[in-house]
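*Asks:* Take a look at this one; I'll ask things after.
The values are calculated or read from the model by the stated rules, or taken from the named source; none is laboratory data. Predicted, not measured: the structure shown is a model, and the values here were computed from it. Note: ideal-geometry Cβ built from the backbone for every residue, glycine included; neighbour counts use all protein chains shown.
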Amino acid sequence: MRKTQTSFPYNKETLVIRNATHEDIAGIVALTDRVYNPAGIQGYTEIEDYVAGVLAKKFSDPVLSFQLRNGFEVHGVLPGYLPSDHESMGNAIHLIWRNPQVADDGPSPQPKKYGNRLPDTVRVAAIQYMQRRVSSFAEFLTIVEYFVDVVSDYKADFALFPELFMLQLLSIEDQELTPKESIEALARHTPEFESALREMAIRYNVNIIGGSHPTLMEGGSVENVAYVFLRDGTVHRQPKIHPTPNEAYWWNIRGGDRLEVIQTDCGPIGVMICYDSEFPELGRHLVDQGAQILFVPFCTDERQSYLRVRYSCQARAVENQCFVVMAGNCGNLPRVANMDIQYAQSCILTPCDFPFARDGVAADTTPNAEMVAFADLRLETLRMARNSGTVQNLKDRRHDLYRVQWIDKR
């Protein structure tokens, strides 16, 4: 390579700023004034046609091909840039190198000001929760607070509880309730549940995805709603979009109609409840809104049901180049309709590429044992994978052929 310049005379703003960190630089603008005579290669007389031939790999240019292999992109041609260079006919190629550590979709979240880990590291905890009989709401809260306390001791940023884990409260009754009676019983506890977990999130300094439970909505309908309690005191609710046939039969649950990212102090997240993870459009819709971590509380009764969710979540992690956290129930709960038996192996999933965990699994639990899985997730690694990974699923989408469009019914 004869000569490469990192700036050009008519725009001083393209100079690299001194003392800037790697995350401050979105990319580098460069010019190469060494393009070999196009007329010497298969009769090309126009520089644009010559560059197009190099880009199409019809032939190689000693300078331009080298720059392209190192991640530079052709932005255009500057004719007459250096007239004295006869071999290049005075032309220069305008190149851009994009920093893979800087996201294309806007600034990264504000760095955290607490803890002793790197600002771009998020520690998540998946709580594999055992269903057991309880005698009172206070006993239920004692168990929940135990896990929140443990997760907080490990300096986690997020704690994920399973889907429908609050149905444990129905075991307080000494008889099996009808679906209508069950919903009424849960509705009595919902305000206390929200208040208690909101207070835990603040006191223990951890964002809590409080599983989900059938919730009586205004108008009398029932939805399976996940409650998200942030440590700044805010509470978010995400309904399940696709109730399973069992949910529709036992609880008369109807699907929600909104799916939105939740802004947290660790960046935007999304919640997909169990069966929702089996619909690729939902994960893509959340990632298109900026989600980097998807939380999936689930409730499955046997291994086949679990694997449908597990394989779907791994696919969501690969196709969206994001992290997916799963947490499920274990144990048995007699006399509670549709919660007789449980099967779970909670886990924290990653994309499948060199910077990530082997097999795309950052952490997992022993099947059907009550325990907690922890993992540190580096959001910077996601950005690099999306911009310069072995495959770049998000960048390589064919928007000219297909897209996910959400229809707002509200």
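*Asks:* Can you list residue pairs whose Cβ atoms sit under 6 Å apart, with the first residue in region 145-156 being of a type in the set (A, V, I, L, M, F, W, C) and the second being in a helix (DSSP H, G or I)? Count only pairs 6 or more apart in sequence or on different chains.
*Replies:* Listed pairs, sorted by first residue: V148/M200; V148/Y204.
Matching residues to (1) surrounded by fewer than 19 Cβ atoms within 10 Å (Cβ to Cβ); (2) more than 27 Å from the chain's Cα centre (by Cα); (3) modelled with pLDDT under 85:
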{"position": "V144", "(1), (2), (3)": "no, no, no"}
{"position": "V151", "(1), (2), (3)": "no, no, no"}
{"position": "F158", "(1), (2), (3)": "no, no, no"}
{"position": "L170", "(1), (2), (3)": "no, yes, no"}
{"position": "Q175", "(1), (2), (3)": "yes, yes, yes"}
{"position": "A187", "(1), (2), (3)": "yes, yes, yes"}
{"position": "N205", "(1), (2), (3)": "yes, no, no"}
{"position": "P214", "(1), (2), (3)": "no, no, no"}
{"position": "G219", "(1), (2), (3)": "yes, yes, yes"}
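*Asks:* Next question. Considering each of D120, D85 in turn, give the residue that is within 30 Å of E145 (Cα to Cα), in contact with a strand residue (DSSP E or B) (Cβ under 9 Å, 6 or more places away or on another chain) and at pLDDT 65 or above.
*Replies:* Numbers: D85 fails: within 30 Å of E145 (Cα to Cα).
Going through D120, D85 in turn, the sole match is D120.
*Asks:* Only residues that are of a type in the set (S, T, Y) and in contact (Cβ under 8 Å) with a residue 40 or more places away in the chain: list them for region 372-410, please. Let's see the steps before the verdict.
*Replies:* Keep residues of region 372-410 that are of a type in the set (S, T, Y), which gives 381, 388, 390, 402.
Matches in region 372-410: S388 only.
*Asks:* Does region 196-211 include one or more residues that are without any contact (Cβ under 8 Å) to a residue 40 or more places away in the chain and more than 22 Å from Q263 (Cβ to Cβ)?
*Replies:* No, region 196-211 contains no residue that is without any contact (Cβ under 8 Å) to a residue 40 or more places away in the chain and more than 22 Å from Q263 (Cβ to Cβ).
*Asks:* Moving on. Could you tell me which residue of region 313-343 is nearest to the chain's Cα centre (by Cα), considering only residues that are modelled with pLDDT of 95 or more and under 17 Å from N224 (Cβ atoms)?
*Replies:* If we filter region 313-343 for residues that are modelled with pLDDT of 95 or more, which is where we start, we get 313-330, 343.
Among the residues that remain, those that are also under 17 Å from N224 (Cβ atoms) are: 326-329.
Numbers: M326: 12, A327: 15, G328: 19, N329: 22 Å.
Checking each candidate, the answer is M326.
*Asks:* Against the definition (of a type in the set (A, V, I, L, M) and more than 30 Å from L169 (Cα to Cα)), how does L377 come out, yes or no? Step through it out loud before you land on a result.
*Replies:* Details: of a type in the set (A, V, I, L, M): yes; more than 30 Å from L169 (Cα to Cα): yes.
For L377, the condition - of a type in the set (A, V, I, L, M) and more than 30 Å from L169 (Cα to Cα) - is met.
*Asks:* Among the residues in region 201-214, are any assigned to a helix (DSSP H, G or I), in contact with a Phe, Trp or Tyr (Cβ under 9 Å, 6 or more places away or on another chain) and within 30 Å of R378 (Cα to Cα)? Working first, answer last.
*Replies:* First pass over region 201-214, keeping only residues assigned to a helix (DSSP H, G or I): 201-204.
Restricting the remaining residues to those that are in contact with a Phe, Trp or Tyr (Cβ under 9 Å, 6 or more places away or on another chain) gives 201-202.
If we keep only those that are within 30 Å of R378 (Cα to Cα) too, we end up with 201-202.
Yes, that holds for at least one residue.
*Asks:* Okay, next question. Filter region 144-166 for residues that are of a type in the set (D, E) and in a loop (DSSP other than H, G, I, E, B) and give the result.
*Replies:* First pass over region 144-166, keeping only residues of a type in the set (D, E): 145, 149, 153, 157, 163.
Passing the criteria: only D157.
*Asks:* Kindly indicate whether any position in region 356-367 is closer than 30 Å to R98 by Cα, in contact (Cβ under 8 Å) with a residue 40 or more places away in the chain and of a type in the set (A, V, I, L, M, F, W, C). So that I can check it myself, show each step before the final result.
*Replies:* Kept after step one, since they are closer than 30 Å to R98 by Cα, are these residues of region 356-367: 356-362.
If we keep only those that are in contact (Cβ under 8 Å) with a residue 40 or more places away in the chain too, we end up with 360.
Adding the requirement that they be of a type in the set (A, V, I, L, M, F, W, C) leaves none.
No, every residue in region 356-367 fails to be closer than 30 Å to R98 by Cα, in contact (Cβ under 8 Å) with a residue 40 or more places away in the chain and of a type in the set (A, V, I, L, M, F, W, C).
*Asks:* Follow-up question, since we're still on this one. Among D376, D340, D359, D364, which is the only one that is surrounded by fewer than 15 Cβ atoms within 10 Å (Cβ to Cβ), farther than 16 Å from V287 by Cβ, in contact with a strand residue (DSSP E or B) (Cβ under 7 Å, 6 or more places away or on another chain) and among the acidic types (D, E)? I'd like the intermediate steps shown before the answer.
*Replies:* Working: D376 fails: surrounded by fewer than 15 Cβ atoms within 10 Å (Cβ to Cβ); D359 fails: in contact with a strand residue (DSSP E or B) (Cβ under 7 Å, 6 or more places away or on another chain); D364 fails: surrounded by fewer than 15 Cβ atoms within 10 Å (Cβ to Cβ).
Testing whether each residue is surrounded by fewer than 15 Cβ atoms within 10 Å (Cβ to Cβ), farther than 16 Å from V287 by Cβ, in contact with a strand residue (DSSP E or B) (Cβ under 7 Å, 6 or more places away or on another chain) and among the acidic types (D, E) leaves just D340.
*Asks:* Now a separate question. Name every residue in region 360-407 that is assigned to a strand (DSSP E or B) and either of a type outside the set (D, E, K, R) or touching a helix residue (DSSP H, G or I) at 6+ places or on another chain (Cβ under 8 Å) (or both), in order of residue number.
*Replies:* At the first step, the residues of region 360-407 found to be assigned to a strand (DSSP E or B) are 361-364, 371-378.
Passing the criteria: V361, A362, A363, M371, V372, A373, F374, A375, L377.
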